[in-house]
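Worksheet: one structure, shown below.
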Amino acid sequence: MAPPRTLLVVNPRSQNGTLGKRWPKLSQRVRRHLGAFEEAFTEGPLDATRITREALQDGVDVVVAIGGDGTINEVANGFFENGEAIRPEAAMGILPFGTGGDFRKTVGIPKDIEKAAQVLARNQSKPIDLGRLDYTTRDGGTEQRMFVNIASFGMSGEIDEEVNSSSKRLGGRLTFMLATAKVGMRYKGKRVRVVFDGDEETSLETNISTIAVANGQYFGGGMHVAPNAEVDDGRFDVIAIGEMGTLESMWKGRHLYSGSHLNLDNVSERRATSIYAESADGQDVILDVDGEVPGRLPATFTLVPRALNLVLP
């Protein structure tokens, strides 16, 4: 059997341009395990999505995202066009190299790039769920995109804006921790209305810090926000974190890294396959989608079961 045709989508700006500088040597290390592959470099936002779509239409079997969670999200979106899979039999692979690295933790992909390349070489994939997000853009329009890991709104969106405007030289976890502290000093809780699985009778209207609609378990540089989430169980884990004062947020925030926050009084967990959320007081409520900030509420989050083949250990 012929080996699969494989394309690596490389984000040279990952880790403040470190990946671009190191790629000539890294590619040799990857090739020792993976064998022959094609490569393409992104040049700007959403470039990885375009490259992936074109590659799949050209017959590529495996498209590998090398970069952080944002690159993984863009490549995953490239497997779809107008909400439909371009090549349902094709698979996605991951070589972690970015600031966040949250999604790989859930699915068990090694952080070491050579060990991750060995996983790719075995070419064993399984279908995972994705989220589809229909959301409001900053200029009031509507758009749709898929998400692999976690889509959230509230304080998390503003933290992402802070992280993405920083240099990230301190690494993922510390960058997110500093951004969380900075945003926490100014953040005022937002009042939102949330409807689960279309059931208005169980809708929720409350003041929040963040609500996370989780397919994976981690976000924000290692926060274990949804410790019970699984990427192939056909449902989202929805974690709602109520409004907190600055000192309370700083003190209780440490529980997010261990996953023990689910025991706190103002944190709730429930499961659903569809979530609609809107601002209840007219304030902008910013979205965080796999570490990127595409827009704001109102938005609808819909689980798409077994939507993407992912190469896994």
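The values are calculated or read from the model by the stated rules, or taken from the named source; none is laboratory data. Keep in mind that this is a model prediction, so the values were computed, not measured. Neighbour counts are summed over all protein chains in view; Cβ atoms, including those assigned to glycine, are modelled from backbone coordinates with ideal geometry. These accessible areas exclude ligands, DNA and RNA; they are computed on the full protein's heavy atoms, side chains included. Shrake-Rupley method; radii C 1.70, N 1.55, O 1.52, S 1.80 Å.
Scanning region 51-71 for residues that are on the phi > 0 side of the Ramachandran plot and touching a helix residue (DSSP H, G or I) at 6+ places or on another chain (Cβ under 7 Å) yields a count of 1. Residues of region 23-38 that are in a strand (DSSP E or B) and either open to solvent by 80 Å² or more (accessible area, probe 1.4 Å) or closer than 14 Å to G70 by Cα (or both): none at all. Checking I239, I211 one by one, the residue that is touching a helix residue (DSSP H, G or I) at 6+ places or on another chain (Cβ under 8 Å) and buried (at least 23 other Cβ atoms within 10 Å of the Cβ) is I239 and no other. Being open to solvent by 10 Å² or more (accessible area, probe 1.4 Å), charged (D, E, K, R), closer than 24 Å to L46 by Cα and out of contact with any helix residue (DSSP H, G or I) (no Cβ under 8 Å at 6 or more places or on another chain) holds for only one residue in E84, E74, and it is E84. In region 126-146, is there at least one residue being free of Cβ contacts under 8 Å to residues at least 24 places away in the same chain, under 19 Å from the mean Cα position of the chain (by Cα) and within 17 Å of D69 (Cα to Cα)? No - not one qualifying residue is present in region 126-146. V63 meets all of the listed conditions (1) open to solvent by 30 Å² or more (accessible area, probe 1.4 Å); (2) within 19 Å of A121 (Cβ to Cβ); (3) in contact with a Leu (Cβ under 9 Å, 6 or more places away or on another chain) but one, namely (1).
Every residue, every condition in (1) in contact with a Lys or Arg (Cβ under 8 Å, 6 or more places away or on another chain); (2) under 14 Å from M155 (Cβ atoms), yes or no:
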{"site": "R271", "(1), (2)": "yes, no"}
{"site": "I275", "(1), (2)": "no, no"}
{"site": "A280", "(1), (2)": "yes, no"}
{"site": "L287", "(1), (2)": "yes, yes"}
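Scanning region 96-121 for residues that are open to solvent by 50 Å² or more (accessible area, probe 1.4 Å), basic (K, R) and either free of Cβ contacts under 8 Å to residues at least 40 places away in the same chain or not in a helix (DSSP H, G or I) (or both) yields K111, K115.
Among the residues making up region 262-278, those that are of a type in the set (S, T, N, Q) and without any contact (Cβ under 8 Å) to a residue 40 or more places away in the chain are N263, N266, S268. Could you check, for region 46-60, whether at least one of its residues is at pLDDT below 95 and either within 15 Å of N11 (Cα to Cα) or open to solvent by 20 Å² or more (accessible area, probe 1.4 Å) (or both)? Among the residues of region 46-60, at least one is at pLDDT below 95 and either within 15 Å of N11 (Cα to Cα) or open to solvent by 20 Å² or more (accessible area, probe 1.4 Å) (or both), which makes the answer yes. Among the conditions (1) assigned to a loop (DSSP other than H, G, I, E, B); (2) within 21 Å of Y218 (Cβ to Cβ), R271 misses just one, which is (1).
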